[in-house]
Amino acid sequence: MRIYRAKDYRDMSRKAANILSAQVIMKPNCVLGLATGSSPVGVYDQLVEWYKKGDLDFSEVTSVNLDEYKGLSPESDQSYYYFMHKHFFDRVNINPGKTYLPDGLALDEAAECARYSAMIHELGGVDMQLLGLGHNGHIGFNEPDEAFEKDVHCVSLTERTIEANKRFFASAEEVPRKAYTMGIKTIMQAKKVVVVVSGEEKAEMVKKAFFGPVTPHVPGSILQMHNDVILIADEAALSRL
Ligand code: GLP
């Protein structure tokens with residue numbers, strides 16, 4: 001694992017955007033695994049800025065997102081579909097027909113998980129996966145558990161995650177209780193992984209996930225076993241190391 005120490009959120013975002021840009025320049029038809037949450041917003045802003053300057057071209061890129069809330073339609077402004085369009089897809093020249101997310105409205109959980117898994121497989125896998133780290137150590141929506149969930153699955157969100165994510169909703173009651181997410185195997189099969197973490201409140205989790213024991217109680221800790229991971233964290237997030 002390589003660790004890049006960033007000064008602050010902006011610097012973290014620029015460093016991560018540099019790596020994603022390199023991926024797109026080196027392989028214009030790559031498959032990017034994308035993430036939501038507040039951590040990658042600055043990365044998307046930076047990529048958009050470079051795209052507008054004419055330095056980047058996303059026309060051949062395919063994207064697959066990590067996760068989506070179950071029960072939210074694409075039109076819902078809390079859905080990850082909406083988030084991705086607002087922060088990235090609608091601001092660059094990516095082909096909307098080649099941007100994939102789990103279908104939040106799918107009712108048959110098993111069928112949706114199988115569909116999304118098969119689709120990622122058919123694309124040939126993810127070249128570069130962007131990840132944030134949840135407050136409880138989750139990646140995607142892989143919550144702390146007794147065992148690692150391997151494939152795409154439908155998960156019941158923990159109280160901790162509902163609490164952490166309620167800032168995006170009118171109230172905690174409105175946070176969906178379930179989500180579709182790539183599994184740990186799906187994430188680990190990405191050829192390269194880039195993790196962005198910012199802020200003091202993640203510092204303890206950064207220490208646990210990247211320097212503690214590998215355990216399903218800290219899902220992000222599995223990344224220690226991946227052979228091409230770059231952690232880009234700001235000084236606040238690295239302050240407990
Ligand atoms: C959500 C997403 C994760 C994300 C996490 C952290 O739960 N499903 O993919 O990494 O939040 O979010 P933030 O970056 O806002 O702290």
Practice problem: Kindly work out what percent of the DSSP beta bridges joining two residues of the chain are antiparallel, to the nearest 5. | Solution: 30 percent
Quiz item: Listed highest first by mean packing, meaning other Cβ atoms within 10 Å per residue, what order do 76-82, 177-183 come in?
Solution: 177-183, 76-82
Practice problem: Could you check which residue among L133, L107, L72 shows the biggest mean-square fluctuation in a GNM of the chain with a 10 Å Cα cutoff? | Solution: L107
Self-check item: segment 139-203, dipole about Cα centre (Lys/Arg Cβ +1, Asp/Glu Cβ -1), debye to the nearest 20
Solution: 380 debye
Self-check item: Pairwise label distance in nanometres, S21 with E235, each label 7 Å out on the Cα-Cβ vector
Solution: 2.4 nm
Quiz item: Residue by residue, what Karplus-based ³J(HN,Hα) values in Hz, rounded to whole numbers, does segment 130-146 have, using 6.51, -1.76 and 1.60 with θ = phi - 60° and x for Gly and Pro?
Solution: 8, 9, x, 10, x, 4, 9, x, 6, 10, x, 10, 7, 7, x, 7, 7
Exercise. Would you please put 93-105, 138-150 in order of how densely packed they are, using the mean number of other Cβ atoms within 10 angstrom per residue and starting with the highest?
Key: 138-150, 93-105
Quiz item: Where is the GNM fluctuation largest for the chain (alpha-carbon springs, 10 angstrom cutoff): G71, G212, G132?
Solution: G212
Quiz item: Taking the Cβ-Cβ separation of E159 and D55 as r and a Förster radius of 51 Å, what is the calculated FRET efficiency to the nearest 0.05?
Solution: 0.75
Exercise. Between Q189 and D45, with labels modelled 7 Å along Cα→Cβ, what's the label distance in nm to one decimal, could you check?
Key: 3.5 nm
Quiz prompt | Gyration tensor verdict on the chain (Cα atoms; rounded if a/c is under 1.5, prolate if a/b is larger than b/c, oblate otherwise) | solution = rounded
Quiz item: Does anything in segment 1-34 have its amide N under 15 Å from the 7 Å Cα→Cβ label point of N95, and if so which residues?
Solution: 28-32
Practice problem: Would you mind working out the accessible area per residue for the chain, using a 1.4 Å probe, and quoting it in Å²? | Solution: 45 Å²
Quiz item: Relative to the Cα centre, what is the charge dipole magnitude of the chain, using +1 at the beta carbon of each Lys and Arg, -1 at the beta carbon of each Asp and Glu, and rounding to the nearest 20 debye?
Solution: 780 debye
Exercise. Order the peptides 233-241, 61-69 from the highest to the lowest mean number of other Cβ atoms within 10 Å of their residues.
Key: 61-69, 233-241
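The values are calculated or read from the model by the stated rules, or taken from the named source; none is laboratory data. Since we're looking at a predicted model, the values are computed, not measured. Note that we place each Cβ from the backbone using ideal geometry, even for glycine, and neighbour counts take in every protein chain shown. For the accessible areas, the whole protein counts, side chains as well, though only heavy atoms, and no ligand, DNA or RNA atoms are used. Shrake-Rupley method; radii C 1.70, N 1.55, O 1.52, S 1.80 Å.
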